[in-house]
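The values are calculated or read from the model by the stated rules, or taken from the named source; none is laboratory data. The structure displayed is predicted, hence computed values, not measured ones. Here Cβ is always computed from backbone atoms with ideal geometry, including for glycine, and neighbour counts include all displayed protein chains. What goes into the accessible areas is simple: the full protein's heavy atoms, side chains included, and nothing from ligands, DNA or RNA. Shrake-Rupley method; radii C 1.70, N 1.55, O 1.52, S 1.80 Å.
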Amino acid sequence: MRLDRFLSETTPLTRSLAKRALKNGEVTLNGEPIKQSATQVDTQHDEVKLNGETLALVGLRYLMMHKPLEVECTARRGLYPRVIDLIDLPKVERLQPVGRLDVDTTGLLLLTDDGQWSHRVTSPRHRCAKVYIAELAEPMESEAAQWAINQVAEGVLLDGEETPTQPAVLRFITPQQAELTITEGRYHQVKRMFAALGNHVNALHRQSIGDVALPDDLAPGEWRELTPEEIASF
Ligand code: URA
């Protein structure tokens, strides 16, 4: 990797500020001062220091967060804090949510800077199951509940769409609380599925994605790294 790129990957410096730091003699390569931006760095073996501090590349990262209410999954700053504002890591802006949650949805959110892995989790082709708990405005009992379960199992047509949803699994925990397992990630899918059934979602929480479930001891706003097993499970 070119030295100026290495500096911009490992510090908050832009490429042009990295070049300036090099010109100013602030950088050493294996103990020797170095000024040429185009110098190649062996990222495994060379030691690069900026003003005496050793620099290391940030590897690919895989996190889970318990997304709280009123926090947004966007990269842009807006009305609400962003999920990445809750994460104190270098180069945090590189972390992308793996399938977004609405600002008023809570629960399991995965984040990574590994685009290929993210695609594996979200691509409809991989049919990765996502489990949501929805609090409903209208109670659905006996026949209405069974009708809804059957509709969801067959696929429902969402407002403005031409193809029905993939078969999904609906289970009522109480008449006003339902668990819905889907394998797609269409825009506002869960809320729109219940709207298609003539109901309304008052609150929504994501419990799991594939084999990865939100742990009970991860409080809203907290995050942790995924384990190697969790990463490999997708
Ligand atoms: N479906 C929704 O409607 N909202 C979410 O946040 C996630 C899935």
Residue by residue, what Karplus-based ³J(HN,Hα) values in Hz, rounded to whole numbers, does segment 136-147 have, using 6.51, -1.76 and 1.60 with θ = phi - 60° and x for Gly and Pro? 9, 5, 10, x, 10, 10, 5, 5, 5, 5, 5, 4
Based on Cβ point charges of +1 for Lys and Arg and -1 for Asp and Glu, what charge dipole magnitude is obtained for the chain about its Cα centre, in debye rounded to the nearest 20? 1080 debye
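Sort LEU17, LEU226 from largest to smallest accessible area, using a 1.4 Å probe on the heavy atoms of the protein chains. Don't jump to the answer; show the numbers that get you there.
On the way: LEU17 75, LEU226 15 Å².
Result of the area sort, largest leading: LEU17, LEU226.
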Where Lys and Arg each count +1 and Asp and Glu each count -1, what net charge lies around SER37 among other residues with Cβ under 14 Å from its Cβ? +4
Counting only protein heavy atoms, what percent of the accessible surface of segment 3-54 is carbon or sulfur at a 1.4 Å probe? 45 percent
At what distance in nm do the modelled label points of ASN51 and GLU162 sit from each other, each positioned 7 Å from its Cα along Cα→Cβ? 5.9 nm
Charge dipole of segment 62-225 built from unit charges on the beta carbon (Lys, Arg +1; Asp, Glu -1), centred at mean Cα; most positive-end Cα among ILE209, PHE172, TRP147 is ILE209
Using only C-alpha positions, report the orientation-averaged shadow area of the convex hull of the chain, nm², one decimal. 15.8 nm²
Among all the lysines, which ones have a C-alpha under 17 Å from LYS67's C-alpha, if same-chain residues fewer than 8 places away are not counted? LYS130
So how do SER16, SER8 rank on accessible area, 1.4 Å probe, biggest first, that is with the largest at the start? SER16, SER8
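Please work out the average accessible area per residue across the chain, using the 1.4 Å probe convention, and give it in Å².
That works out to 56 Å² per residue.
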Apportionment of accessible area to carbon and sulfur, segment 62-225, percent (1.4 Å): 49 percent
Ordering 29-36, 81-88, 101-108 by per-residue average of other C-beta atoms within 10 angstrom, highest first, gives 101-108, 81-88, 29-36
What aspartates and glutamates sit close enough to LYS19 to cross-link, taking a C-alpha to C-alpha distance under 14 Å and skipping anything fewer than 8 places away on the same chain? ASP4, GLU9
Calc'd 3J(HN,Hα), segment 172-181, phi into Karplus 6.51 cos²θ - 1.76 cosθ + 1.60 (θ = phi - 60°), Hz, glycine/Pro = x, comes to 8, 7, 9, x, 10, 10, 10, 9, 10, 10
Considering only the other residues whose Cβ falls under 14 Å of the Cβ of GLU70, what net charge follows from Lys and Arg at +1 and Asp and Glu at -1? -2
Would you mind pulling out the separation of the Cα centroids of segment 158-208 and segment 107-142, in Å? 11 Å
Which net charge results for the neighbourhood of LYS19, defined as the other residues with beta-carbon distances under 15 angstrom from its beta-carbon, given Lys and Arg at +1 and Asp and Glu at -1? +3
Karplus-derived HN-Hα couplings along segment 203-218 (A = 6.51, B = -1.76, C = 1.60, θ = phi - 60°), whole Hz, x at Gly and Pro: 8, 9, 9, 9, 8, 7, 9, x, 8, 9, 10, 5, x, 4, 8, 9
Starting from the 7 Å offset along Cα-to-Cβ, what nm value, one decimal, do you get for the label separation of THR43 and ALA213? 3.7 nm
